[in-house]
Amino acid sequence: MSSHPLVHRAGAGAARPFHPWRGPLAACVLALLAACGGGGGDATDPPVAAGTSYTAGAITGFGSVIVNGVRFDDSGAEIEDEDGGRHGADDLKLGAQVEVIASSIDRAAGTGVATLIRFGSEIKGPVEAVDVAAGRLTVLGQAVIVTPRTVFDDRLAGGLAGVAVDALVEVHGQYDAAQAAVVATRIEHEDSTSEYKLRGELQSLDTAARSFRIGDALIRYDDTTRLDTALANGARVKVRLQTTPVDGAWVATRVQGGRSGLDDGDHAEAEVTGRITAWTSATTFSVDGLPVDASTATFREGPAGVVLGALVEVEGRIENGVLIATKVHLEDEDDDSEHERGEDYELHGAISGLDTAARQFHLRGVTVHYSDSTAWRDLGEAQLADGLQVEVKGNLSADGTRLEATRISAEDD
């Protein structure tokens, strides 16, 4: 099967080019958002069947994969990275940003059957600065914001405090255009890599010097650079880089359109949780590069807060590459009500690596810690055993490296 980065699979064995923008409605939206970048493509490929659903957001649980509160059965799904490389379910990590093509979603049960899951990150490269007090770090010239909901690879003991300058990390998250920073949902330690990468807004384009900037990173390109998108100030791009700078600049090996989306057709259902990356009005904006037409949508909290950088949940359908919204909900990042109830993350599966002295075990690749404050349902602490099927709900530990269980329940095999 092809691993070309502009190809995705739509069903068993099928493949077709990925074109994130298409159709007359998309063209109208793009005209309004032109200053904020975009992409291109042709209209020769058939759309995805309208009966499928499209979901985008961060993974908040497993059993199989939980995104935007929906539990997707991934047992028959193709799983790939943003370059089309094939992966197994174990490569999906808590806090990673994913897109899911699935069956029609049973909203009452909160379930769906995934056919394709794609994951990707925003930045991979060396850490240049760490400010634990401010909850920030700088990677490849990009500002990264850490929040109480940022998941850290357990190899980064201490979370942000365990991140060293010059360490190699991969940052999953979404770009906050209002703060000119990536808000991290997951940060992983990397032992080595053959290339660096970053996604961001192209600025200071100098065609004579063949250079541009993304954040504070100076990037040069030459005749060997593969350009898969037009270079223009304001365009959102993804750049692959050599790992050694030359004369103070990073050397690009490839420049692509910055939308990470795998969607190239119509979907009767769509739900996207992300940040507004381009804005014309409360009814015409983009979420992580996906154009949204909210002219007939209802706004749960009103339209006033729908601004550049806002974290939103948008429901509707996708037509011609545009999300036609029926509902727009503002996600309140300062609302800790769910966090206090221990509902941030949810895991289902079989216990492994039980350590009764440390009062912890592993579940779906996550370290789970329990304590005297953990509530138990249909079992007690003494009944824990490797192989036992459980459901765990909880919050991240202070350093973001493990799940602090607020409730553990027995589940049937």
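The values are calculated or read from the model by the stated rules, or taken from the named source; none is laboratory data. These figures come from a predicted structure and were not determined experimentally. Glycine also receives a Cβ, built like all others from the backbone with ideal geometry; neighbour counts cover every protein chain displayed.
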Fill in the blank from the handout: When (1) surrounded by fewer than 20 Cβ atoms within 10 Å (Cβ to Cβ); (2) within 27 Å of Gln242 (Cβ to Cβ) are applied to Ala134, the one that fails is (2)
Exercise for the section: Filter region 287-322 for residues that are at pLDDT below 95, crowded, with 23+ Cβ neighbours inside 10 Å and either out of contact with any helix residue (DSSP H, G or I) (no Cβ under 6 Å at 6 or more places or on another chain) or in the same structural domain as Gln179 (by TED's automatic domain parsing) (or both) and give the result. Expected result: Val287, Asp288, Gly289, Leu290, Ile318
Problem - Residues satisfying the stated conditions in region 188-212, i.e. on the phi < 0 side of the Ramachandran plot, of a type in the set (Ser, Thr, Tyr) and outside any loop (DSSP other than H, G, I, E, B) - result: Tyr196, Ser211
Exercise for the section: Determine the pairs where a residue that is within 13 Å of Thr406 (Cβ to Cβ), located within region 374-390, has a partner that is loosely packed, with under 13 Cβ neighbours inside 10 Å and of a type outside the set (A, V, I, L, M) with Cβ atoms under 9 Å apart, the partner being 6 or more residues away or on another chain. Expected result: Trp376/Gln383
Handout entry: Filter pass, Thr280 being surrounded by fewer than 24 Cβ atoms within 10 Å (Cβ to Cβ), part of a strand (DSSP E or B) and modelled with pLDDT of 95 or more
Key = yes
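Return the only residue of Thr111, Thr115, Thr150 being modelled with pLDDT of 95 or more, of a type outside the set (Asp, Glu) and on the phi < 0 side of the Ramachandran plot.
Working: Thr111 fails: modelled with pLDDT of 95 or more; Thr115 fails: modelled with pLDDT of 95 or more.
One residue alone meets the criteria, Thr150.
Residues being free of Cβ contacts under 8 Å to residues at least 12 places away in the same chain and either among the β-branched types (Val, Ile, Thr) or closer than 22 Å to Asp83 by Cβ (or both): count how many of those fall in region 231-247.
Narrowing region 231-247 to residues free of Cβ contacts under 8 Å to residues at least 12 places away in the same chain: 244-245, 247.
Remaining after also requiring either among the β-branched types (Val, Ile, Thr) or closer than 22 Å to Asp83 by Cβ (or both): 244.
So the answer is 1.
Filter region 197-211 for residues that are surrounded by 15 or more Cβ atoms within 10 Å (Cβ to Cβ) and of a type in the set (A, V, I, L, M) and give the result. Talk me through it step by step, then tell me what you get.
Just the residues of region 197-211 that are surrounded by 15 or more Cβ atoms within 10 Å (Cβ to Cβ), to begin with: 197-202, 205, 210-211.
If the condition is that a residue be surrounded by 15 or more Cβ atoms within 10 Å (Cβ to Cβ) and of a type in the set (A, V, I, L, M), then Leu198, Leu202, Leu205 are the ones that fit.
Just to be sure before I move on: is Ile214 surrounded by 14 or more Cβ atoms within 10 Å (Cβ to Cβ) and under 24 Å from the mean Cα position of the chain (by Cα) in the structure I sent?
When the stated conditions are applied, Ile214 passes them.
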